[in-house]
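Remarks on the structure that follows.
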Amino acid sequence: MITLIKNGYVVDPASAREGKFDILIKDDRVLKVEANIKPDDYKIKVDKVIEAGGKFVMPGFIDLHVHLREPGYEYKETILTGSLAAACGGFTTICAMPNTNPALDNPDTLKYVFDQAERGLVNIYPIAAITKGQEGRELNNIAELVKAGAVAISEDGKSVMDTLLYYKAMEEAAKIGVSVFAHCEDKSLAADGVMNAGEKADELGLPGISNAVEDIITARDVLMAKETGAKLHLCHCSTKGSTFILDMAKQKGINITGETCPHYFTLSDKDIPEDDANYKMNPPLRSPEDVEAIKNALKNDILDVIATDHAPHSMEEKEESMLKAPFGIVGLETAFSITWTELVKTGILSYRQLVEKMSLNPAKILNIDRGCIGEGSVADIVIIDPDKEYTIDKNEFFSMGKNTPFHGKKVYGKVLYTIVSGQVKYEYANS
């Protein structure tokens, strides 16, 4: 299969290329990237031509933080529907978090994910649980899980509160060279909180979660990464304090990266209109001051990655009060457009930075052959219409989850094509 993408504006930091280029794809690889490619010059017959004039062409996005819910919670999402949502959102690779039922804590459950992923549209890599059943009591065989295909380890959805056990996990991860993805939450301090502690929580009569809940465990995990030499990745940073700690750790030469999510640089607790569980996520929406800190950390490359923390739930679950409803919102189908609208069009991030944070840096953290459109690289590519304005409509999501605070939000930037290993897996109907 030969595909030619014509006249697109290519943004590819990995190859230091930005500008108008054509891309010639043969089977699953990029064959040529240059201006005005003429197939006859290469004695090649092109099977498909995609006209990308006025459009952006970027490496496919990589989401380090997705809850696919399968096995065990297929009423919320399946690996197949999650992959459909990912392709629609421009993601060519996603990482499946381990808090399923059973948890991704042994080679058999990892194999199940890989088997189901063969039916999907995008690359899916599992992240394995640190402890058995994610119960925080007994360490998993990390080497065995990495050998079985896990690209990282995490207890996401909670922190490993047993510091000694977590220290041993970091030591083992350092020996193997696999990243530790940290969900930073002091569970005892969080108690029964459901939203950010502050005036809005008081106004709604809901228990709050202080910034210290995140910051304390962030500091602990950074110190342990320094001691053990483990590669630490901070998940869903939401506070000014966590970005400050991340910045200090980097300056000290600690092997650390950090991610945030679109809701943390777009919404604050003041945007919560009422007791609406579509605004309930963990960590919670923070103060306007925290939102500005997250934006600055992205702009100054303190935060390396924009992930989604895609967390689908049923409509019935999210119709409950925030006191009873589960934490989490969906994000695969909205992350790019929100990032483009809120950060790129406003001048906070450059085109290059967007690609670094949504593609190149995630690929580096996972140590996978993705995040680049250089000649010979895997042809994972997304084509974007930067000027397309539309209104987010949860009823049009491919995801089974409709739990989003962004329903009805006007945004710019539409994914037109998602190409995975040289094959068009998603094409916008009006492209």
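The values are calculated or read from the model by the stated rules, or taken from the named source; none is laboratory data. Note that the structure is predicted; figures quoted are calculated from it, not measured. Because the Cβ atoms are built from the backbone with ideal geometry, glycine has one as well, and the counts that use them run over all protein chains shown.
For this structure, a couple of remarks:
- Of the strands (runs of 3 or more DSSP E) contained entirely in the range 1-69, those carrying at least 1 residues that are out of contact with any Leu (no Cβ under 7 Å at 6 or more places or on another chain) and more than 30 Å from P262 (Cβ to Cβ) fall at 2-12, 17-26, 29-34, 48-51.
- Residue match in the range 387-399 (condition: at pLDDT 95 or above, in contact with a Lys or Arg (Cβ under 9 Å, 6 or more places away or on another chain), aliphatic (A, V, I, L, M) and within 20 Å of D22 (Cα to Cα)): no
- Of residues in the range 88-113 being among the β-branched types (V, I, T) and closer than 19 Å to H236 by Cβ, the one surrounded by the most Cβ atoms within 10 Å (Cβ to Cβ): I94
- Test: residue in the range 209-216 that is of a type outside the set (S, T, N, Q), assigned by TED's automatic domain parsing to the domain that holds I302, under 28 Å from N367 (Cβ atoms) and surrounded by 18 or more Cβ atoms within 10 Å (Cβ to Cβ): yes
- Where a residue in the range 10-29 is within 14 Å of G374 (Cβ to Cβ) and its partner, wherever it lies, is of a type in the set (K, R) and assigned to a strand (DSSP E or B), with Cβ under 7 Å and at least six apart: V10/R17; L24/K32
- Condition check for D202: in contact with a Ser or Thr (Cβ under 9 Å, 6 or more places away or on another chain), acidic (D, E) and at pLDDT 95 or above: no
- The set of residues in the range 335-350 that are buried (at least 22 other Cβ atoms within 10 Å of the Cβ) and among the aliphatic types (A, V, I, L, M) comprises A335, I338, L343, L349.
- Residues in the range 114-132 that are surrounded by 24 or more Cβ atoms within 10 Å (Cβ to Cβ), closer than 21 Å to L232 by Cα and under 17 Å from the mean Cα position of the chain (by Cα): 3 in all.
- Residue selected from the range 312-329 under the condition surrounded by fewer than 16 Cβ atoms within 10 Å (Cβ to Cβ) and of a type outside the set (A, V, I, L, M, F, W, C), by the criterion farthest from L285 (Cα to Cα): E316
- Residue within the range 353-366 that is in contact (Cβ under 8 Å) with a residue 40 or more places away in the chain, crowded, with 23+ Cβ neighbours inside 10 Å and not assigned by TED's automatic domain parsing to the domain that holds P312 present: no
- Against the list (1) free of Cβ contacts under 8 Å to residues at least 24 places away in the same chain; (2) among the acidic types (D, E); (3) part of a loop (DSSP other than H, G, I, E, B), the condition E389 fails is (3).
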